[in-house]
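K.L.:
Sending over a structure as structure tokens; questions will come in a sec.
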Amino acid sequence: MELYQEQGLDVIKGALRAEDNVAYARTGLLTDLDATVKLYEAEAKSRIQSFQRLEIGFFVVGLLILIGEVLFIFQPMVRMIVMKTGALEKTNTELVKLSQKLVEKHSSRPGSRPASQ
């Protein structure tokens, strides 16, 4: 009988220890886990903000490169094309005038055929 009483007391003591563990889990452990989660969350937010700053930095650098291309490559190229086009138009106008003079000189010679034949 005494053995049963001792085992019964051990069970009761174990139940009390389990209740203490549950109480600790509700207060201490959960508080510690919550603090740990908040620490990881703050670290993750910090990394995300750093990544966002880096992303903005790359975006700005990309825009600066595009602006540089416009200023140093495309604008000079457009200027050169406009200049060369103007020179070609001038040369073409001169060639048309010269061609007209040659046609007039050729048609004014005696015995020349009309240019249309």
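Computed from the coordinates by the stated procedures, all read-outs in this text should not be read as laboratory data. Values in this document were obtained by computation on a predicted structure and should not be read as measured data. Because the Cβ atoms are built from the backbone with ideal geometry, glycine has one as well, and the counts that use them run over all protein chains shown.
K.L.:
For K38, list the lysines whose Cα falls under 20 Å from its own Cα; do not include residues on the same chain fewer than 8 positions away.
P.N.:
none
K.L.:
Let me ask something else about it. Loop only per DSSP, at most 12 neighbouring Cβ atoms within 10 Å: give me the GluC sites (Glu not before Pro) in region 33-112, ordered by residue number.
P.N.:
Sparse-neighbourhood loop GluC sites (Glu not before Pro): none present.
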